[in-house]
Amino acid sequence: MLLVLLWFLHGHTGLYGQSYPGLPDSRPAPPRPKLPGLPDSKPYYPPRPTLTGLPDSKPYYPPRPKLPDSDWEIIRQDAGDVTSPVILGEYDLVEGDSLLLTCDTSLHQERQNTELRYAFFRNGLELPTLSSSNKYHVPMVHQQNSGNYTCEVRTADDSVRKMSGNFLVTIAELFSFPLLQVSRDPVVEGQDITLTCNTSLSLKNKNVELQFIFYKGTENIQESSSNKYEISSANLQDSGTYHCLVGARGVNKWSPATPVHVKGRKKDYTTQNIVRLILSVGLLIGLFAIIVFHVRSEA
């Protein structure tokens, strides 16, 4: 039995070392070529590009300004020790009032010696007020001083800046712009004229006394608390351009110029013509009588 098994194996070596047509090769596959520089039996991946100057496989952060650690520590302390400013002051004013705004902020107890500077802004535009004072003062306001105010607190080296929120200031007019009114137009020589400077006070300032100045051209012709200027028996010399100035509490407003034309009175020639006619007729009658008398005397 053993001899039959050996004979069978010897006669069928193709099962283990030979190939038969139409059958897959039963021999082991030849080894794959090795790629230079790579360890055997490991997958090949192309190398990732490396950014110059940056370590591989690490996120990129822009470089921090090169300051000594002590300076960074100071900035961190300043940013935390200066509180955001708040504007304090009156916000509902009338022309001629005084405006005082305060940029209020505070320092940490350990940073009380830090030097601060303050800047004020109106409607986003910086006012020429940068200084160590946290006050902004306008002794006498006008309507153009209305607007949104903000302030900014800064350290002396500008390492920290903090801005306040908006602070709206409204300024009402003390009185309206005046208009000069003439009592009659046209004006005839010999007639009376009244010039009236019309304006109105705001409801909050009804007790304010207004001053009125009347001008003819550039000449001051009347200054008083009356808003009227009288011209009696106007003549041709009263013709010209008039305007008035109204003032109170340091606020002055001009009226537009108003022309005044005085026309000469028309002369009445009726009586004169009648007298001339009578004299002429009388002269003709007298002349005729003289001629008649002379003719009769010769006859």
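Out of the total accessible area of region 116-265 (probe 1.4 Å, heavy atoms of protein only), what percent is carbon and sulfur?
Exposed carbon and sulfur together represent 49 percent of the surface.
Mind ordering 125-137, 205-217 by average Cβ neighbours within 10 Å, highest first?
The peptides rank, most packed first, as 205-217, 125-137.
Provide the net charge surrounding Gln222, with neighbours chosen by a C-beta distance below 15 Å and charges set as Lys +1, Arg +1, Asp -1, Glu -1.
Local net charge: -2.
Dipole size in debye (nearest 20) for region 92-193 around its Cα centre, Lys and Arg Cβ +1, Asp and Glu Cβ -1?
Rounded to the nearest 20 debye, it is 520 debye.
The values are calculated or read from the model by the stated rules, or taken from the named source; none is laboratory data. Everything numeric here is computed off the predicted structure, so don't read it as measured data. Methodologically, a virtual Cβ is constructed for each residue, glycine included, from the backbone with ideal geometry; neighbour enumeration extends over all protein chains shown. Surface areas here come from the heavy atoms of the whole protein model, side chains and all, with no ligands, DNA or RNA. Shrake-Rupley method; radii C 1.70, N 1.55, O 1.52, S 1.80 Å.
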